[in-house]
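Enquirer: Pasting a structure below so you can have a look.
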């Protein structure tokens, strides 16, 4: 006896229109490593320090900056764009996620991530022979 076939309803994936997706600029970033940690400098013009959000979730460092439009009126011609910034980095096991500091100055966000104690170089003392 053949099994009875019933029509199967396929679940349709949720469609997100491009206009509804959040658009972010990826800020230009310089990264410098020292013996004490890593310094990241993000160019985020038009972003006030109050509009910067820095989060660490597990080993992911996320930087989001919200830029405020500075002009009123209708642009006749535009070569520059104002928008929000977003950048993510994965922190290695050598980094200490509890030792992060940030400073915002003139549109440049400087984030310093300290190294974990186990990753910092240390000097070994040599004992005198007896």
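Enquirer: Among 108, 47, which comes first, second and so on when ranked by fewest other beta-carbon atoms within 10 Å?
Expert: Fewest-to-most Cβ neighbours within 10 Å comes out as 108, 47.
Enquirer: What full-extension length gain, to one decimal in nm, is calculated for residue 24 and residue 77 as 0.36 nm per residue of separation minus the Cα-Cα distance?
Expert: Extra length from residue 24 to residue 77 when fully extended: 16.9 nm.
Enquirer: Give the relative contact order (percent, whole number) for region 30-130; include only Cα pairs under 8 Å separated by 6+ residues.
Expert: Reported relative contact order: 31 percent.
Enquirer: Can I ask one more? Please grab the % of Cα pairs in region 32-78 that end up more than 15 Å from each other.
Expert: Within region 32-78, distances greater than 15 Å cover 64 percent of Cα pairs.
Enquirer: Let me ask you something else. For each of 95, 104, 44, count neighbouring Cβ atoms within 10 Å of the residue's Cβ, then give the residues from fewest to most.
Expert: Taking fewest neighbouring Cβ atoms as first place, the list is 104, 95, 44.
Enquirer: How do 79, 71 rank when sorted from fewest to most other Cβ atoms within 10 Å of their own Cβ?
Expert: Final ranking by Cβ density, sparse to dense: 79, 71.
Enquirer: Could you tell me what fraction of 2.2 N^0.38 Å the Cα radius of gyration of region 43-114 comes to, as a two-decimal ratio?
Expert: The reported ratio for this selection is 1.35.
Computed from the coordinates by the stated procedures, all read-outs in this text should not be read as laboratory data. Because the structure is predicted, anything quoted here is derived from the model rather than measured. Cβ sites come from the backbone with ideal geometry, for glycine too, and all protein chains shown count toward neighbours.
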